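To start, the structure under review is shown below, and the notes come after it.
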Amino acid sequence: MTRGRTNRILTTEIDAAGASRGPDEVAVEEPLEIRLDGNLVGTTMRTPGHDFALAAGFCLSDGLLGEATVRSVKYCRGDGPGAVVESEFNVVTVSTGGRAPIPEPRLGVTSSACGLCGTTAVDELRTRLHPLPVVEPFSASLVFDAPERLLADAPIFAATGAVHAAALFDRDGEVVVLREDVGRHNAVDKVVGERLLAGAMPAPDLGLAVSGRVGFEIVQKAWAAGVTLVVAKGAPTSLAVEAARIARITLIGWASDGRARIFEGAVEQ
């Protein structure tokens, strides 16, 4: 069973002419508890949908899998791992057959706005991730309007204006997978998780387009997925630029209206 990702509520709209009542769409936000081999990892606020990909992408991006591969992802009971139930329950367990290291659970709820902020440093990433292979640069014309063009088909945003979008795209500029979520980090985890579950990671010939700014955690997730290009409508942070330099990720911001700014790496003119 798939729950709705938007709810309709009654609102009051005001303007110079006065006030009027009418319905509006709001994005659904609910907690998702993520477990790894039955062990609690943490809880994140997210938009329901593609929960298995989100959980798998979360575990990959945060280095929780180690050398293990994902064998299955299931909904389970909140009072104990392993019991599969209907999908309205907000608990998911990622199974590696016990091959992944036992995770240290995060206390509290991970905000959909802040994702994994502050939990990982560049030095820690260096210990578990190697610089990505050198690949042919993407064409400049492809990245100029990538966020606007690739993320245009985002139905939840069109209905509510309250979610972020992320898309993986190929060298022809075609969308491979696009996902939306109230958290920009969750949207990235969802597209990464889709490719992971499809056995299509790493992805050095794919680019990642995101609808907002690029914080350190977005580059971290791209690095873990082997993605060599990140392009955003907003700007990156200083730590994101540093991580991109070490990872050999081309990092592009302010991409819109036929213009873009390269913060790290290069494109083909």
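The values are calculated or read from the model by the stated rules, or taken from the named source; none is laboratory data. All of these numbers come straight from a predicted model, not from anything done at the bench. All Cβ positions, even for glycine, are placed from backbone atoms using ideal geometry, and neighbour counts span all protein chains on display.
A few comments on the model shown:
- Elements of the type strands (runs of 3 or more DSSP E) sitting completely within segment 6-50 and holding at least 3 residues that are in contact with a Ser or Thr (Cβ under 8 Å, 6 or more places away or on another chain) and either surrounded by 18 or more Cβ atoms within 10 Å (Cβ to Cβ) or at pLDDT 85 or above (or both): these cover 30-36, 39-46.
- Residues located in segment 176-203, provided they are assigned to a helix (DSSP H, G or I) and either under 13 Å from residue 165 (Cβ atoms) or in contact with a Ser or Thr (Cβ under 8 Å, 6 or more places away or on another chain) (or both): 184, 185, 186, 187, 188, 189, 190, 191, 192
- The residue pairs whose first member lies in segment 122-134 and is touching a residue at least 24 places away in the same chain (Cβ under 8 Å) and at negative phi, whose second member is assigned to a loop (DSSP other than H, G, I, E, B) and polar (S, T, N, Q), and whose beta carbons are closer than 9 Å, counting only pairs six or more residues apart or on different chains, are 132/228; 133/228; 134/228.
- Scanning segment 223-244 for residues that are buried (at least 24 other Cβ atoms within 10 Å of the Cβ) and either among the basic types (Lys, Arg) or under 18 Å from residue 164 (Cα atoms) (or both) returns 230, 231, 232, 236.
- Members of segment 140-170 that are in contact with a Ser or Thr (Cβ under 8 Å, 6 or more places away or on another chain) and either surrounded by fewer than 19 Cβ atoms within 10 Å (Cβ to Cβ) or of a type in the set (S, T, N, Q) (or both): 148, 157, 159, 160
- Strands (runs of 3 or more DSSP E) fully within segment 204-269 that include at least 1 residues being closer than 16 Å to residue 151 by Cβ and without any contact (Cβ under 8 Å) to a residue 60 or more places away in the chain: 207-210, 229-232, 250-256.
- Selection of segment 150-174 for residues being among the aliphatic types (A, V, I, L, M), out of contact with any Pro (no Cβ under 9 Å at 6 or more places or on another chain) and either without any contact (Cβ under 8 Å) to a residue 60 or more places away in the chain or under 15 Å from residue 46 (Cα atoms) (or both) yields 150, 152, 154, 156, 158, 162, 163, 166, 168.
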